[in-house]
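See below for the structure under consideration.
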Amino acid sequence: MAEMTARVSGFFGRMPRWVYVVIALALAIAFPLLEQFGLMQTLWLRLGTRVLVYVLLAVGLNLVLGETGLLHLGYVAFFAVGAYTTAILSSPRFGIQWNFWVIVALAMGLSMLFGFLIAVPTLRLRGDYLAIVTLAFGEITRMTLNNWETLTNGPGGIPGIYPPNIFGWTVDSPLEFFYVLLVAVVIVIYLLGNVKDSRIGRAWNALREDEIAAHHSGVRPMRAKMLAVVMSSGIAGLAGAIFAYYQQFINPTYFLFMQSTIVVCMVVLGGMGSIPGAVLGAVVLDATPEVIRQAFTTWLPGAFGRDFLPGVQSALQTDFDRYRMAIFGLVIVLMVIFRPEGLLPNKLWKREVHEEDPRELEKTHQHLFDFEEGKQDLEV
Amino acid sequence: MPDVILEVRSATKSFGGLKAVNNLSFDIYEGEILSLLGPNGSGKTTTFNIITGLYEPDSGDILMQGESIAGLDPGQIYARGISRTFQMLRLFSNMSVLENVLVGMHGRTKANVLDCMFRTPKMRREEVQSVERAREILAMFPGRFPLARHMQPAASLSYANRRRLEIARALAGEPKLLLLDEPVAGMNPAESLEVMQQIKDLRDRGYTILMIEHDMKVIMGASDRVIAMDHGVKIAEGAPLDVANDPAVVEAYLGRRGADAAS
Ligand SMILES: Nc1ncnc2c1ncn2[C@@H]1O[C@H](COP(=O)(O)OP(=O)(O)O)[C@@H](O)[C@H]1O
Ligand SMILES: [Mg+2]
């Protein structure tokens with residue numbers, strides 16, 4: 001009971017939270033088995049694995065963007081640091097293969113250090129300025145990777161990354177990577193959920209809501225923001241490390257500004273400041289374009305004949321990356337129109353977004369000058 | 001005479017050419033309600049801002065229990081036992097009522113990020129104590145924050161209750177000195193009366209209170225002492241009735257012609 005009262009923040013509707021967690025986890029565990037039993041093409045398993053990488057990134061960025069309210073547009077840089085740390089220390093590039101745990105620790109540690117160094121000068125900036133500086137920083141990181149040929153091999157990238165060896169288990173199939181990522185996701189979400197539900201998580205939220213009032217409550221704004229940035233950088237570093245192992249090849253084009261934008265969209269789509277939202281945002285945004293491609297190139301022609309919209313078919317087959325962005329854009333536009341608070345919003349935050357609806361605003365304003373409730377209260 | 005808790009010594013704060021607070025000195029005694037009175041723009045809120053560290057005074061000093069606090073930041077001043085509310089409400093609107101009060105305790109609680117990540121017994125104990133204390137504080141406003149409201153977003157409260165919640169959040173810092181900036185602004189007479197009574201109750205519980213109010217009637221009933229300000233300068237100080245009848249105060253409020261007409 002005391003434990004329950006202490007968990008002041010999280011409440012997800014009427015069903016207890018664990019019910020949703022168990023359902024989501026069961027689905028995730030069962031998913032790769034579909035492929036094992038031949039019920040699903042490997043394509044979908046690969047997609048699922050990639051989705052989990054995005055889930056890590058979205059959950060990590062949510063800490064900064066959703067919980068603390070800092071518009072960080074260079075998040076992919078920390079993902080890159082993690083990925084390159086792994087590629088350099090476990091590939092024929094320098095002919096070395098360091099231990100998996102050492103690499104993961106280094107990838108996270110370096111990303112966190114990097115996050116810290118960036119945070120020191122930039123966190124004093126507010127709003128738009130922070131966005132511009134972090135954006136520039138992300139691009140500088142990518143250009144450094146592109147040009148520091150002695151270390152990174154420049155645009156050529158680093159091929160042949162050795163698979164990780166975890167306690168004697170060599171992880172080298174999409175199925176295995178899926179489960180490794182799932183474990184990482186579960187651990188990260190568990191730990192972050194705990195922090196979110198504590199004085200530190202509340203301090204982040206308070207900074208997002210009103211920095212001056214938070215400061216007057218003893219929150220140290222720089223320290224608290226720094227902590228959010230450093231933690232989220234560490235998570236991106238972890239995601240980058242596993243991604244590099246899984247991909248076996250990385251080059252700077254994996255770390256374009258567009259990647260940062262996509263992760264921002266995932267957080268916004270899911271619902272800022274909501275961990276389940278970040279997860280769902282990543283799943284929906286990464287899976288939708290693929291589903292649409294399959295629908296137009298395979299399922300619909302299968303059902304309605306081979307020449308079903310042949311133009312769309314060939315366009316999606318040859319130029320998919322371009323259309324992928326268009327589909328992202330469409331999903332975001334639809335969401336901003338129909339569900340601005342996100343798919344699985346933080347319950348409390350839902351209000352603010354809807355208040356910006358002019359019809360709602362009217363109501364709120366009335367409420368502001370309406371002492372009805374106060375009068376009723378007086379009679380109590 | 002009780003001990004002095006806070007001393008403002010010749011504090012000055014200018015914005016450009018405007019001396020918002022000009023060579024202001026006064027003491028606050030333990031256990032009293034001291035009110036700052038004055039027309040709009042007379043420098044009352046700026047006085048709060050230099051006491052609570054939002055601004056540093058250009059010159060002069062501020063002593064909390066004998067130690068200088070001028071130039072400390074708001075977090076450090078919170079730690080010295082001074083909490084405040086704001087003239088324009090500054091609640092964490094999208095956080096729950098209970099969470100707002102819990103944030104008010106932030107600077108007094110200790111759990112670090114690892115404690116929070118792994119929910120160590122130490123952290124859980126502190127969290128349970130914090131929630132209990134927060135509920136106690138909310139209960140100081142009888143009938144205003146029933147349990148059912150604790151989980152509602154602060155933004156969903158009535159205006160008067162939002163002002164009360166800000167006081168509750170300030171109390172969560174366990175301050176020795178509580179600064180209230182126009183606590184009844186925008187309230188109807190019945191509500192003002194109730195909140196004033198609650199402020200007196202707080203004094204009786206042992207808090208020292210510095211309050212800003214520009215409604216004379218409200219101030220008369222609640223204050224032990226009053227300081228009147230105009231154009232950043234202290235123009236009168238003393239018992240409420242004496243200050244209210246002070247010619248300088250009447251003039252500041254009504255203007256010279258008004259003062260003449262009144263006499
Ligand atoms: N941050 C600021 N920048 C510029 N001028 C300010 C600032 N804060 C207050 N002032 C000015 O200082 C004067 C005193 O303001 P304030 O202390 O808010 O008055 P009061 O609270 O008594 O109504 C006003 O003229 C106001 O415009
Ligand atoms: Mg004021």
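Computed from the coordinates by the stated procedures, all read-outs in this text should not be read as laboratory data. Note that this is a predicted model, so its numbers are computed, not measured. Using ideal geometry, Cβ is built from the backbone for each residue, glycine included, and neighbour counts are taken over all protein chains shown.
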Using a Gaussian network model of chain B with C-alpha springs under 10 Å, which one of B:R203, B:R169, B:R124 is most mobile by mean-square fluctuation? B:R124
Alpha-carbon centroids, segment A:307-321 and segment B:123-191: separation in whole Å: 60 Å
Percentage relative contact order, chain B, counting C-alpha pairs under 8 Å, at least six apart: 27 percent
Paired Rg and Dmax values of the protein assembly as shown, which use every Cα atom, in angstrom: 29.3, 99
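Once R0 is set to 51 Å, what does the formula 1/(1 + (r/R0)^6) return for the Cβ-Cβ distance between B:R205 and A:N99, expressed as a FRET efficiency to the nearest 0.05? Could the numbers behind the result be given before it?
Details: r = 60 Å, r/R0 = 1.18.
Once rounded, the FRET efficiency stands at 0.25.
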Where the Cα atoms of chain A are projected onto their three principal axes, how long is each span, largest first, in whole Å? 76, 55, 42
Compute the long axis of helix A:275-294 from its Cα atoms, compare it with the longest principal axis of the Cα atoms of chain A, and write down the angle in degrees, 0 to 90, nearest 10. 50 degrees
Among A:L47, A:L63, A:L33, determine the one that fluctuates most according to a GNM of chain A built with springs between C-alpha atoms less than 10 Å apart. A:L33
So, in Å, what gap is there between the alpha-carbon centers of segment A:225-297 and segment A:156-202? 13 Å
Label-point gap, in nm, between B:R125 and B:S25 - each point 7 angstrom along Cα→Cβ: 4.9 nm
With label points built 7 Å along Cα→Cβ from the Cα atoms of A:Y129 and B:S14, find their separation and express it in nm. 2.5 nm
Inter-site label distance for A:I166 and A:I337 at 7 Å from Cα along Cβ, in nm: 4.3 nm
Restricting to Cα pairs below 8 Å that are 6+ residues apart, what does the relative contact order work out to for segment A:43-354? Please round to a whole percent. 31 percent
Can you pick out the pairs among B:K13/B:K217; A:K196/A:K225; B:K13/B:K176; A:K225/B:K122 whose Cα atoms lie more than 18 Å from each other? B:K13/B:K217; B:K13/B:K176; A:K225/B:K122
Projected onto the charge dipole of the protein assembly as shown (unit charges on the beta-carbon of Lys, Arg, Asp and Glu, signs +1, +1, -1, -1), the Cα from A:G157, B:L63, B:V113 with the largest positive-side position is that of A:G157
In square nanometres, what is one fourth of the surface area of the convex hull spanned by the alpha carbons of segment B:93-173? 5.2 nm²
Top of A:L280, A:L334, A:L65 by mean-square fluctuation, Gaussian network on chain A, Cα under 10 Å: A:L334
If R₀ is 45 angstrom, what is the calculated FRET efficiency for the pair A:Q41 and B:S156, using the beta carbon separation as r and rounding to 0.05? 0.40
Can you give the FRET efficiency to the nearest 0.05 for A:L330 and B:D242, using r as the Cβ-Cβ distance and R₀ = 56 Å? 0.20
Full-extension gain between A:V120 and A:A315, please, as 0.36 nm times their residue separation minus the C-alpha to C-alpha distance. 65.6 nm
Could you work out how far the C-alpha centroid of segment A:27-67 sits from that of segment B:68-101, in angstrom? 42 Å
